[in-house]
Amino acid sequence: QVQLVESGGALVQPGGSLRLSCAFSGSIYSNKDMGWYRQAPGKQREKVAWIFRSGWTDYAASVKGRFTISRDNAKNTMNLQMNSLKPEDTAVYYCNLVGAEAPGVSMDWGQGTQVTVSS
């Protein structure tokens, strides 16, 4: 059963912007801390940004000041606004519960959405 669907990825030039969206369903995602993750070829999945139930947000140092995470609970969606994109931002982006990427944790992941930053 598909419960996480990412969209919005595209090919964009350095310095450009993209807005990713995550649609989720199911009780396991209700009132939970959630975040965006990314995985580049040959590398492990890493946390990019996260938003807690309190509304607090935080970001990886590599994207701080450029990315903004937000959530619309009424629509069961989460977004990631990405500005001033760099080639190193190229990766498949996923959304999931905070902690889903931790070693030893078995979680289902969506298909992800491809972001490619290149001139």
Original post:
Using θ = phi - 60° and the Karplus curve 6.51 cos²θ - 1.76 cosθ + 1.60, what whole-Hz ³J(HN,Hα) does each residue of the range 61-70 get, with Gly and Pro shown as x?
Top reply: 4, 5, 10, 4, x, 10, 10, 9, 9, 8
Original post:
In square angstrom, rounded to the nearest 10, how much accessible surface does V5 have for a 1.4 Å probe?
Top reply: 70 Å²
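Normalised by the residues of the chain, what does the relative contact order come to in percent, with Cα pairs under 8 Å and at least six apart? Could the numbers behind the result be given before it?
Details: 256 pairs, mean separation 43.2, N = 119.
Reported as a whole number, the value is 36 percent.
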Original post:
For the range 39-93, with every protein chain kept in place, what is the accessible area per residue (1.4 Å probe, Å²)?
Top reply: 59 Å²
**OP:** Using a Gaussian network model of the chain whose springs link C-alpha atoms within less than 10 Å, name the residue from S54, S17, S25 with the highest mean-square fluctuation.
**Re:** S54
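For K64 and T77, compute 0.36 nm times the residue count separating them, minus their Cα-Cα distance, and round to one decimal in nm. Mind showing how you got there, number by number?
On the way: separation 13, 0.36 × 13 = 4.68 nm, distance 2.15 nm.
Here the answer is 2.5 nm.
How big is the dipole moment of the chain about its Cα centre under a simple scheme where the beta carbon of each Lys and Arg is +1, that of each Asp and Glu is -1, and everything else is neutral? Debye, nearest 20, please. Intermediate values should be presented prior to the final figure.
Values: 12 positive and 9 negative charges, 36 e Å.
In total the dipole reaches around 180 debye.
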Subject >> Fluctuation leader among W36, W50, W109 - the chain, Gaussian network, Cα springs under 10 angstrom >> reply: W109
Original post:
What does a probe at Q39 reach in the range 67-108, counting residues whose amide N is under 17 Å from the point 7 Å along Cα→Cβ?
Top reply: 90-108
Original post:
What list of ³J(HN,Hα) values in whole Hz, one per residue of the range 71-79 in order, does the Karplus curve 6.51 cos²θ - 1.76 cosθ + 1.60 (θ = phi - 60°) give from phi, with Gly and Pro shown as x?
Top reply: 8, 10, 5, 5, 9, 6, 9, 9, 10
Subject >> For L85, residues with placed amide H under 5 Å, excluding near neighbours >> reply: G15, G16
**OP:** Would you mind telling me the share, in percent, of accessible area of the chain contributed by carbon and sulfur at probe 1.4 angstrom?
**Re:** 48 percent
**OP:** Answer with one residue from Y37, N79, L97: the one whose Cα lies farthest towards the positive end of the charge dipole of the chain, charges on Cβ with Lys, Arg +1 and Asp, Glu -1.
**Re:** N79
Original post:
Setting aside same-chain residues fewer than 8 positions from K47, which lysines have a Cα under 21 Å from its Cα?
Top reply: K32, K64, K86
Subject >> Probe 1.4 Å, all protein chains present, accessible-area order of E46, E6, E88, largest first >> reply: E88, E46, E6
Original post:
Between T57 and Q111, what is the spin-label point distance in nm, taking each point 7 Å from the Cα along the Cα→C-beta axis?
Top reply: 2.7 nm
Subject >> For the chain, built as a Gaussian network whose Cα springs stay under 10 Å, the top-fluctuating residue of G26, G104, G16 >> reply: G104
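The values are calculated or read from the model by the stated rules, or taken from the named source; none is laboratory data. All figures in this text were calculated on a predicted structure; none of them were measured in a lab. No Cβ is skipped: glycine too gets one built from the backbone with ideal geometry, and neighbour counts run over all protein chains shown. For the accessible areas, the whole protein counts, side chains as well, though only heavy atoms, and no ligand, DNA or RNA atoms are used. Shrake-Rupley method; radii C 1.70, N 1.55, O 1.52, S 1.80 Å.
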